[in-house]
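Undergrad: Quick one: the structure is below, questions incoming.
The values are calculated or read from the model by the stated rules, or taken from the named source; none is laboratory data. This is a predicted model, so every value here is computed, not measured. Counting neighbours? That spans all protein chains shown, and the Cβs are built from the backbone with ideal geometry, glycine included. Quick note on the areas: whole protein, heavy atoms, side chains included, nothing else; ligands and nucleic acids left out. Shrake-Rupley method; radii C 1.70, N 1.55, O 1.52, S 1.80 Å.
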Amino acid sequence: QVQLVESGGGLVQPGGSLRLSCAASGFTFRNFAMSWYRQAPGKERELVAGISSTGVSTNYADSVKGRFTISRDNAKNTVYLQMNSLKPEDTAVYYCNAYMRWGPMGNEYDYWGQGTQVTVSS
């Protein structure tokens, strides 16, 4: 079955770094665009970063540009989020998402992981 398993979250001091990983299985990873979302307590889930199926194109939320980097390894079915210069406002549960639109009917495939907690605090 489809699985997205995030790892790498934890507690880090402001200014520190973390690297999140999302291991995918149960679908053809290389065909899917991958994204990281986050949700802080009391707030809506928001897009943090996205990467195309080939890895050529990336996009970032303004709040993380220059600090976060998304990448993928299609040979390992894994997407990463390198987070540097972390701030307390980056505290949230981070979710991995896989998305593909396919075929003449535009069927959508949208998968989510369970999330990993990132806490930035001194």
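Undergrad: Give the accessible surface of the chain per residue, rounded to a whole number of Å², with probe radius 1.4 Å and ligands, DNA and RNA excluded.
TA: 55
Undergrad: With the full set of protein chains in place, find how many percent of the accessible area of the stretch 51-122 is carbon and sulfur; take the probe as 1.4 Å. Spell out each step's value before the answer.
TA: Working: 1920 of 4040 Å².
Result for the stretch 51-122: 48 percent of the exposed heavy-atom area is carbon or sulfur.
Undergrad: How big, on average over all directions, is the shadow cast by the Cα convex hull of the chain, in nm²? Write down the numbers at each step before the final one.
TA: Numbers: hull surface 31.0 nm².
Mean projected area of the Cα convex hull: 7.8 nm².
Undergrad: How much of the DSSP beta bridge set in the chain is antiparallel, as a percent to the nearest 5? Show your work: numbers first, answer last.
TA: Details: 41 of 44 bridges.
So the antiparallel bridges amount to about 95 percent of the total.
Undergrad: Also: Could you tell me which residue out of Ala40, Ala61, Cys22 lies farthest along the dipole of the stretch 1-96 toward its positive end? Charges go on the beta carbon: Lys and Arg +1, Asp and Glu -1, centred on the Cα centre.
TA: My answer, from the dipole projection, is Cys22.
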